[in-house]
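One structure is given below, encoded as structure tokens.
The values are calculated or read from the model by the stated rules, or taken from the named source; none is laboratory data. Keep in mind the model is a prediction, meaning the values are calculated, not measured. Positions of Cβ are backbone-derived with ideal geometry, glycine not excepted, and every protein chain shown enters the neighbour counts. For the accessible areas, the whole protein counts, side chains as well, though only heavy atoms, and no ligand, DNA or RNA atoms are used. Shrake-Rupley method; radii C 1.70, N 1.55, O 1.52, S 1.80 Å.
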Amino acid sequence: MADGRPRGTARALLERWLPWAVAVALLAVLFTRIPAEALKAALRQGTYLPLAAYVLFEILAGLPLDAFATREALAAVGVRRPFREMLLARGATYMLAILSYLVGQGSIGLWLSRRGVRAARATGAVLLLMAANGIVLLLIAAAGLLIDPPEEQRTLLLTLVAVCLAGVVLYLGVIAARPRWLAGRTLLAPLFEAGLSGHLRAAAARLPYMLLLAVLHWGGFRIWGIEVPLVRGLAWMPVVLLISALPITPGGLGSTQALQVLFFAPYAAGATAEARAADVLAFSLVHYGFSVIGMFLVGGVCVALLRRLPPEESEEEA
């Protein structure tokens, strides 16, 4: 049609369902390569109750650091919110983060708009938040791969990280240069207002949370009975977190399982390679399922508490 609506509808459907298609494809590859009987055996031997309690602990332990990092990133672009409010708002976004990382981060901007922050500045705040997250994940992943490079796919992973780090350097160079044709754009202006110091502040605040995530994920393996060495877990989990944050699958479903099987299967119990891969896949699927439930519960509680806060004007600074 002349108005272009069918094309827009097709694009919207593609953007909505393509990540799910990729997730299904990745899981299908795993299920094809790992015998069903081995996976069933691994699931039967799983430590479900301890892992469920641990996953809830993961979410609750990380939320304050996540809220602090988010608050610091917002403050770097002149948006200041009380920590209690930020804690509840960040927890509330966990419900949407189940769908994808981008949706979860974008909901922060929507919440800021409802609290009186101008839409352009709210969007800029979210962009800085995402930039800081990406920078920290890349730096941790690069450090981990250099400290303990994997025997297989070493060249591919190091090349990928090198390219991403070059992108970070280029991005920070643009921020420092402040070209007028970019700095003058309304949506991007907050990024240039924050400058290198604001990016450093946001990244430094995000670092403890990302390190905690890596440690907590390593602990989850241990609870399931997969003896991943601490150094290797801390070195390789940021790579998993980095890839799972990309908008290629919903909430990292499929990509997380594939990478965890690739990296950590040698440390699982089992007489054969298939049995060890099945053990890691079982853990990854169960951990993902418990995480979805836990994030939904924590998010629901935070939404209920957030609604009880009295309306107030934004504390945004000029």
**OP:** For Cα Rg over 2.2 N^0.38 Å, several values are listed as [x] 1.01; [y] 1.46; [z] 1.05; flag the one computed from this structure.
**Re:** [z]
Subject >> Solvent-accessible ranking of 83, 283, largest area first, probe 1.4 Å >> reply: 83, 283
Original post:
With charges only on Cβ, +1 for K and R and -1 for D and E, what is the dipole size of the range 114-203 about its Cα centre, in debye, rounded to 20?
Top reply: 780
**OP:** Taking only protein heavy atoms into account and a 1.4 Å probe, give the accessible area per residue of the range 51-206 in Å².
**Re:** 45
**OP:** Normalising by the residue count of the range 116-190, find the relative contact order in percent from Cα pairs under 8 Å and 6+ residues apart.
**Re:** 53
Original post:
With springs only between Cα atoms under 10 Å, which of 136, 174, 240 fluctuates most in a Gaussian network model of the chain?
Top reply: 174
Original post:
So what's the gap between the Cα centers of the range 170-204 and the range 13-54, to the nearest angstrom?
Top reply: 40
Original post:
Taking the chain as a Gaussian network, where each spring joins two C-alpha atoms under 10 Å apart, which residue of 109, 91, 167 fluctuates the most?
Top reply: 167
Original post:
For the range 44-167, how big is the tail of P(r) above 24 Å, as a whole percent of Cα pairs?
Top reply: 44
Original post:
Counting pairs of alpha carbon atoms under 8 Å apart in space and at least six apart in sequence, what relative contact order in percent does the chain give?
Top reply: 34
**OP:** Quickly estimate the mean residue ellipticity at 222 nm for the chain, helices only: each DSSP H run with n ≥ 4 gives -39500 (n - 2.57), and the total goes over all residues, rounded to 500.
**Re:** -27000 deg cm²/dmol
Original post:
In the range 222-289, what percent of the accessible surface is made up of carbon and sulfur (1.4 Å probe, ligands and nucleic acids excluded)?
Top reply: 70
**OP:** Determine the order of 164, 302 by accessible area, beginning with the largest, at a probe radius of 1.4 Å.
**Re:** 164, 302
Original post:
What do you get for Rg/Rh over the range 94-170 if you use C-alpha atoms and the Kirkwood form of Rh?
Top reply: 1.14
Original post:
Are there GluC sites (Glu not before Pro) in the range 228-318 that DSSP marks as loop and that have at most 10 other Cβ atoms within 10 Å, and which are they?
Top reply: 313, 317
**OP:** Between residue 271 and residue 297, with labels modelled 7 Å along Cα→Cβ, what's the label distance in nm to one decimal, could you check?
**Re:** 3.8
**OP:** Order 227, 151, most accessible first, counting only protein heavy atoms with a 1.4 angstrom probe.
**Re:** 151, 227
**OP:** Could you pull out every whole DSSP H run in the chain that spans at least 27 Å of Cα extent along its own axis and averages -1.0 or higher on the Kyte-Doolittle scale?
**Re:** 5-33, 48-76, 119-147, 154-177, 189-224, 273-307
**OP:** With springs connecting C-alpha atoms under 10 Å apart, model the chain as a Gaussian network and identify which of 35, 64, 179 has the largest mean-square fluctuation.
**Re:** 179
**OP:** Note down the accessible area of residue 54, probe 1.4 Å, to the nearest 10 Å².
**Re:** 40
